[in-house]
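A short worksheet on the structure shown next.
Rule-based calculations on the coordinates, nothing more; no lab input. If you're wondering where the values come from, they're calculated on a predicted model, not measured in any experiment. Quick reminder, even Gly has a Cβ in these numbers, built from the backbone with ideal geometry, and neighbours come from all protein chains shown.
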Amino acid sequence: MIQTLLREFALQDTSVQDDSQRLVVSAAVEGSTGETSKEQIRSLFHSPVGVYVSHVRRERDCLRLEFDIAASDLDFTLRTLHAVLPEAAIDAVRRRVFQHQKH
């Protein structure tokens, strides 16, 4: 599953070998409105992947999620997300780029 996902999003196997590499996983839950989306968010934050959630927003009837994870947690994150929100679809997996600021 993970190798297929990495190929699909054009990440080389070697690019995520380093456990310190950070990844951003974007997902969407279509048809999520009102109380349904509130319950989905509640379930997500009370699950083991809740600590990885970096951003949640609602766009009309779609719930958009972003997870900031270590490369070594990719498999766990995807499997757990699927268990908690089986209707969630992965939109993207990309390397997280840190922008250094001069002080």
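Computed from phi, the 3J(HN,Hα) profile of the stretch 27-34 under the Karplus parametrisation 6.51, -1.76, 1.60 (θ = phi - 60°) reads 9, 9, 10, 6, x, 9, 9, x Hz, with x in place of Gly and Pro.
In order along the stretch 65-71, the phi-based Karplus estimate (6.51 cos²θ - 1.76 cosθ + 1.60, θ = phi - 60°) of 3J(HN,Hα) comes to 10, 10, 10, 10, 10, 7, 4 Hz; Gly and Pro are listed as x.
Between the amide H of Ser47 and any residue lying 5 or more places away or on another chain, no distance stays under 5 Å, with hydrogens modeled in the peptide plane.
Any chance you could list P(r) for the stretch 53-103, counting all Cα-Cα pairs in 5 angstrom bins from zero, rounded to whole %? Taking all Cα pairs of the stretch 53-103, the binned fractions are 4, 15, 24, 25, 14, 8, 5, 3, 1 percent. Among the trypsin sites (Lys or Arg not before Pro) within the stretch 32-87, those in coil by DSSP and having at most 10 neighbouring Cβ atoms inside 10 Å are Arg60. Within the shell of other residues whose beta carbon sits under 12 angstrom from the beta carbon of Val56, the net charge comes to +3, with Lys and Arg scored +1 and Asp and Glu -1. The distance between label points at Gln21 and Ser43 comes to 3.2 nm (points 7 Å beyond Cα on the Cα→Cβ vector). Given their separation in residues at 0.36 nm each and the Cα-Cα distance between them, Val56 and Glu87 gain 9.6 nm when the chain is fully extended.
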